[in-house]
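Asks: Pasting a structure here, questions to come.
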Amino acid sequence: MKNFKWIGVVLGMILMIFAPQSQAQDLQALLNAQVTKAAKHDTRLSRMEKLFEKRCEMIEKYLGFKDDPMGKAMEYSCQEPQIGIAFYAGPDLGDYPPSHIERVFLDRIGDEGLKAKVFTDLKHEHGSNVVFFINGETYLKDPVDPVKALEQVKYLVAEAKLIFISRKQVDVWPQEKVIN
């Protein structure tokens, strides 16, 4: 009888170690899962091609672009080598109007030599947040508040330039400021 209890304890510990964890997925993982699930019957492409090389094509063909800030920002980022920004403006902006925050993002990204467009939801009840899209993919795991998003602009633009050049969407990146 003692051996059965011991075996049960050991099996329970093994199951706990190897069982999938039930934690909330981040936005990147959720979007990747949607693309993968929607395009699962398309066997002509690998998972890597579906998620990265042909991501925009997969989204357009199998999911479509939603008529909300995220969907519009995602679609915009698929059209040209530019950054799409989904901005959900909440009551926490204080004296700053959403148009001011939008301009700050466009100017900062333009200072780094890229174009961007902001798609705004003006009545977000749960506080302001931002999501950036490059080629239909978000490069922040989760939406962040505008201040944290501004802190990420240099990194984001550098990443975008590498992506656009490596995918041959541009040959050489201009060094001058871009006016959005």
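Laboratory data are not the source of any read-out in this text; all were calculated from the coordinates shown. Keep in mind that what you see is a predicted model, and the values were worked out from it rather than measured. Here the Cβ positions follow ideal geometry from the backbone for every residue, glycine too, while neighbour counts run over all protein chains shown.
Asks: Using 7 Å Cα-to-Cβ label points, what is the Ala38/Lys115 separation (nm, one decimal)?
Replies: The two pseudo-label positions are separated by 2.4 nm.
Asks: Now for a different question. What are the residues whose amide H is under 5 Å from the amide H of Asp121, where those residues sit 5 or more places off or on another chain and H is modelled from the backbone?
Replies: Phe87, Tyr88, Ala89
Asks: I'd like to compare 120-129, 42-51, 83-92: which one has the highest average count of other Cβ atoms within 10 Å, and what's the full order after that? All intermediate terms of the calculation are to be shown ahead of the outcome.
Replies: Working: 120-129: 15.3, 42-51: 13.1, 83-92: 21.5.
Packing proxy ranking, top to bottom: 83-92, 120-129, 42-51.
Asks: Something else: Output ³J(HN,Hα) for the stretch 113-121: one whole-Hz value per residue in order, computed from phi by the Karplus curve 6.51 cos²θ - 1.76 cosθ + 1.60 with θ = phi - 60°, and x for Gly and Pro.
Replies: x, 10, 9, 8, 9, 9, 10, 10, 9
Asks: Please give the FRET efficiency for Gln169 paired with Asp142, using the beta carbon to beta carbon distance and R0 = 35 Å, rounded to the nearest 0.05. Spell out each step's value before the answer.
Replies: Working: r = 26 Å, r/R0 = 0.75.
The formula returns an efficiency of 0.85 here.
Asks: I need the per residue convex hull volume for the stretch 67-180, using only the alpha carbons, in cubic angstrom as a whole number. Kindly include the intermediate steps, with their values, before the conclusion.
Replies: Values: hull volume 10.3 nm³, N = 114.
Taking the convex hull of the Cα positions in the stretch 67-180, it is 90 Å³ per residue.
Asks: Is the shape of the stretch 97-143 best called rounded, prolate or oblate, per the rule: a/c under 1.5 gives rounded, else a/b larger than b/c gives prolate, else oblate, with a ≥ b ≥ c the square roots of the Cα gyration tensor eigenvalues?
Replies: Working: a/c = 2.30, a/b = 1.20, b/c = 1.92.
Because a/c hits 1.5 or more and a/b fails to exceed b/c, the stretch 97-143 counts as oblate.
Asks: A further question follows. So, in nm, how far is label Val104 from label Glu125 when the simple model puts each one 7 Å beyond its Cα toward the Cβ?
Replies: Output for this residue pair reads 2.6 nm.
Asks: Mind listing the phi-derived Karplus ³J(HN,Hα) values for the stretch 141-146, rounded to whole Hz, using 6.51, -1.76 and 1.60 with θ = phi - 60°, and x for any glycine or proline?
Replies: Listing the rounded values in order: 4, 9, x, 10, 5, x Hz.
Asks: 5 Å is the cut-off here: which amide hydrogens, built 1.01 Å from N in the peptide plane, fall below it relative to Val144, excluding neighbours closer than 5 in sequence?
Replies: Amide H to amide H, under 5 Å and 5 or more residues apart or across chains, Val144 pairs with Val130.
Asks: Do any of Lys72/Lys161; Lys54/Lys123; Lys40/Lys115; Lys37/Lys177; Lys123/Lys161; Lys50/Lys177 go past 29 Å between their Cα atoms, and which?
Replies: Listed pairs above 29 Å: Lys54/Lys123; Lys40/Lys115; Lys37/Lys177; Lys123/Lys161; Lys50/Lys177.
Asks: Select from Ile101, Phe133, Val144 the residue farthest towards the positive end of the dipole of the stretch 64-180; place +1 on Cβ of Lys and Arg, -1 on Cβ of Asp and Glu, and compute about the Cα centre.
Replies: Comparing the listed Cα positions along the dipole, Phe133 ranks first.
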